[in-house]
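Peer 1: Would you mind keeping the following structure in view while I ask a few things?
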Amino acid sequence: MTGTVTSAPQAHPQDAAIEPVGVGFVAGTIPFSVVDGPGNRFTIFLQGCNFDCVACHNPQTIPSAEGAHFARTVDEVLAGVRRAAPFLSGVTVSGGEATQQPGFVLALFRAIKADPTLGRLTCFIDSNGACPPAVWSTLDPVLGGAMIDLKCLDPEIHRSMTGEPNDEVLASIRQLQAMGKLYEVRLLLLAGVNDDPELLRRTGEWLAAIDPHMRLKVIGFRDHGARPHDPPLVAPTSEQREAAADLLAATPGAAFDICLI
Ligand code: SF4
């Protein structure tokens, strides 16, 4: 989209009703992805994030940049989806943080569901989970599923990793499970930061209490794309990643569907 922006995405909502917004701030799109939800997906990366994660692989998408350079209309995004549609299972909105622009996501997903040629596509969100419950309840009628990052169950470690508390993240996981829309919880492992065995045991128990059959993706940190950090962030070894997955799998009463990458 070019020219003057006349319709800005709404601010991050608290209690306000979420209305559809026809223009979003988009960092980029990829026509085919097999790592952003089930099947082959068109993925839209929104610009702007409410976290500032030390391990972020796309730090250029963190600043909110509400200008014409990033502005895209729903129709412009749909044009790309239509070109790829014959090969797609669905569409995923990622980030930055997708829930920072809920009005745009709502308008986009409604437009997909209303289009006879696109309505079969599932609409997913990849999110850090830090948003009010109204975001999920508003999106529910058009949402196929959500992938939620749980950086750490421990609130202080979570804050050290992201700059923010984790209460909304935990609430989002509970809410999405209750809605039947929790597709996957993603656990990023940072060696020496959030991989303590006792912490992982507690994490497994917390998740199992919500859904003992939950789909978990355990992701070892890799420094590709991440900003330099002092002291340097440490990628877990394959043995450490496997040990973490084994600990989660051993959670009493749980039969998690665990994917380790
Ligand atoms: S939530 Fe995701 S996009 Fe936002 S700072 Fe963290 S890793 Fe980066």
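The values are calculated or read from the model by the stated rules, or taken from the named source; none is laboratory data. What you see is a predicted model; the values in this text were computed from it and never measured. Ideal geometry is used to build each Cβ from the backbone, glycine not excepted, and the neighbour counts take in all protein chains shown.
Peer 1: I'd like the residue in the stretch 151-164 that is of a type outside the set (D, E, K, R) and touching a helix residue (DSSP H, G or I) at 6+ places or on another chain (Cβ under 6 Å) and, out of all such residues, is nearest to the ligand (Cβ to nearest atom). Please lay out each step first, then the result.
Peer 2: Filtering the stretch 151-164 down to residues of a type outside the set (D, E, K, R) leaves 152-153, 155, 157-158, 160-163.
Retained after the next criterion (residues that are touching a helix residue (DSSP H, G or I) at 6+ places or on another chain (Cβ under 6 Å)): 152-153.
Values: Cys152: 12, Leu153: 16 Å.
Restricting to residues being of a type outside the set (D, E, K, R) and touching a helix residue (DSSP H, G or I) at 6+ places or on another chain (Cβ under 6 Å), the top hit is Cys152.
Peer 1: Condition test on His158, is it over 21 Å from Asp257 (Cα atoms), at pLDDT below 95 and not basic (Lys, Arg)?
Peer 2: no
Peer 1: Continuing with this model, one more query. Can you find a residue in the stretch 178-189 that is over 17 Å from Asp126 (Cβ atoms) and within 15 Å of the ligand (Cβ to nearest atom)?
Peer 2: yes
Peer 1: Given the criteria surrounded by fewer than 17 Cβ atoms within 10 Å (Cβ to Cβ), closer than 21 Å to Lys181 by Cβ, without any contact (Cβ under 8 Å) to a residue 12 or more places away in the chain and not acidic (Asp, Glu), does Arg120 qualify?
Peer 2: Against the criterion (surrounded by fewer than 17 Cβ atoms within 10 Å (Cβ to Cβ), closer than 21 Å to Lys181 by Cβ, without any contact (Cβ under 8 Å) to a residue 12 or more places away in the chain and not acidic (Asp, Glu)), Arg120 qualifies.
Peer 1: Within the stretch 230-256, work out how many residues are crowded, with 16+ Cβ neighbours inside 10 Å, in a loop (DSSP other than H, G, I, E, B) and of a type in the set (Gly, Ala, Ser).
Peer 2: Result for the stretch 230-256: 2.
Peer 1: Taking the stretch 189-218 as the region of interest, how many residues are surrounded by fewer than 20 Cβ atoms within 10 Å (Cβ to Cβ) and either touching a Cys at 6+ places or on another chain (Cβ under 9 Å) or touching a residue at least 40 places away in the same chain (Cβ under 8 Å) (or both)?
Peer 2: 13
Peer 1: To continue, here is another question. Could you look through the stretch 40-68, keep only residues that are among the small types (Gly, Ala, Ser) and without any contact (Cβ under 8 Å) to a residue 60 or more places away in the chain, and pick out the one that is farthest from Thr162 (Cα to Cα)?
Peer 2: Ala65
Peer 1: Being modelled with pLDDT of 95 or more, of a type in the set (A, V, I, L, M, F, W, C) and surrounded by 14 or more Cβ atoms within 10 Å (Cβ to Cβ) narrows it down to one of Ala65, Ala84, so name that one.
Peer 2: The conditions single out Ala84.
Peer 1: Now for a different question. When the stretch 185-198 is examined, which residues are found to be in contact with a Pro (Cβ under 9 Å, 6 or more places away or on another chain) and of a type in the set (D, E, K, R)?
Peer 2: Within the stretch 185-198, just Asp195 meets the criteria.
Peer 1: Of these, Arg222, Arg227, which one is farther than 30 Å from Asp140 by Cα, within 19 Å of the chain's Cα centre (by Cα) and part of a loop (DSSP other than H, G, I, E, B)?
Peer 2: Values: Arg227 fails: within 19 Å of the chain's Cα centre (by Cα).
Of the residues listed, the single one that is farther than 30 Å from Asp140 by Cα, within 19 Å of the chain's Cα centre (by Cα) and part of a loop (DSSP other than H, G, I, E, B) is Arg222.
Peer 1: Any idea how many residues of the stretch 133-150 are within 16 Å of the ligand (Cβ to nearest atom) and touching a Pro at 6+ places or on another chain (Cβ under 8 Å)?
Peer 2: Number satisfying all stated conditions: 1.
Peer 1: Something else now. Given the criteria modelled with pLDDT of 95 or more and either within 11 Å of the ligand (Cβ to nearest atom) or charged (D, E, K, R) (or both), does Ala130 qualify?
Peer 2: Here the answer is yes, as Ala130 does meet what is asked.
Peer 1: Being among the β-branched types (Val, Ile, Thr) and not in a strand (DSSP E or B), is that true of even one residue in the stretch 165-183?
Peer 2: yes
Peer 1: Let me ask another. Answer with yes or no whether Asp52 is at pLDDT 95 or above, under 25 Å from Cys131 (Cα atoms), within 16 Å of the ligand (Cβ to nearest atom) and loosely packed, with under 15 Cβ neighbours inside 10 Å. Please lay out each step first, then the result.
Peer 2: On the way: at pLDDT 95 or above: yes; under 25 Å from Cys131 (Cα atoms): yes; within 16 Å of the ligand (Cβ to nearest atom): yes; loosely packed, with under 15 Cβ neighbours inside 10 Å: yes.
When the stated conditions are applied, Asp52 passes them.
Peer 1: Taking the stretch 94-111 as the region of interest, how many residues are closer than 17 Å to Ala134 by Cβ and not charged (D, E, K, R)?
Peer 2: Total meeting the criteria: 11.
Peer 1: Only one of these is surrounded by 20 or more Cβ atoms within 10 Å (Cβ to Cβ), of a type in the set (Gly, Ala, Ser) and touching a helix residue (DSSP H, G or I) at 6+ places or on another chain (Cβ under 6 Å): Gly129, Gly90. Name it.
Peer 2: Details: Gly90 fails: touching a helix residue (DSSP H, G or I) at 6+ places or on another chain (Cβ under 6 Å).
Among Gly129, Gly90, only Gly129 is surrounded by 20 or more Cβ atoms within 10 Å (Cβ to Cβ), of a type in the set (Gly, Ala, Ser) and touching a helix residue (DSSP H, G or I) at 6+ places or on another chain (Cβ under 6 Å).
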